[in-house]
Amino acid sequence: MTRAGAYLLLLLVQAVCALFFVADILLSVVGIYPVPLAWTTREMMEVGALIGLLLGLIFGGLLVWRAFGDLRRAEARLERASAAFIDLLNARFDEWGLTTAERDVALFAIKGLSVQDIARLRETSEGTVKAQTAAIYRKADVTGRPQLLSLFIEDLMGAERRDSAALSDKVA
């Protein structure tokens, strides 16, 4: 069963069990009394509903615990990917021989900031930022921001393919 199916089944069981207790209370409040059941039958229904709610609570807790574990693992993977991307950026910037100012401008450009925004953040003129981006593009041997960004995307995809191939080799 998939996790989504487990959540739905859990929700359905808890809803049916809760409905039993809620209906019993509402019928008593309104003054409608159903056909009397044998005491043992009624007790068995209440015990069954209670067991259903308790199992829902236990399995719900387990599913939440598992979801938190998945979240922690996803955050760790994201942190590793972010660190790998920073390493990749620095390696490329070193390879191209970018100055400190050009590194800042390149990073802002990769993040998608406009020339005006970069100039404002760096407290320089737009002309200076344009000159720095032109130098970055020349050193990186690209014609503009989209190509600059695509270099890093290709590097990341290449690393992902290399990691997948290495994992496949270990499994085989």
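The values are calculated or read from the model by the stated rules, or taken from the named source; none is laboratory data. Note that this is a predicted model, so its numbers are computed, not measured. Positions of Cβ are backbone-derived with ideal geometry, glycine not excepted, and every protein chain shown enters the neighbour counts.
Among the criteria (1) modelled with pLDDT under 85; (2) touching a Phe, Trp or Tyr at 6+ places or on another chain (Cβ under 9 Å), the one L89 does not fulfil is (1).
The residues of the range 24-48 that are aliphatic (A, V, I, L, M) and either within 33 Å of the chain's Cα centre (by Cα) or loosely packed, with under 12 Cβ neighbours inside 10 Å (or both), listed by number, are I25, L26, V29, V30, I32, V35, L37, A38, V47.
Yes or no, residue by residue, for (1) of a type in the set (V, I, T); (2) surrounded by 15 or more Cβ atoms within 10 Å (Cβ to Cβ); (3) farther than 24 Å from L9 by Cβ; (4) without any contact (Cβ under 8 Å) to a residue 24 or more places away in the chain:
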{"position": "L55", "(1), (2), (3), (4)": "no, no, no, no"}
{"position": "E75", "(1), (2), (3), (4)": "no, no, yes, yes"}
{"position": "L78", "(1), (2), (3), (4)": "no, no, yes, yes"}
{"position": "D87", "(1), (2), (3), (4)": "no, no, yes, yes"}
{"position": "V105", "(1), (2), (3), (4)": "yes, yes, yes, no"}
{"position": "K111", "(1), (2), (3), (4)": "no, no, yes, yes"}
{"position": "Q116", "(1), (2), (3), (4)": "no, no, yes, yes"}
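Among the conditions (1) on the phi > 0 side of the Ramachandran plot; (2) assigned by TED's automatic domain parsing to the domain that holds D155, G31 misses just one, which is (2).
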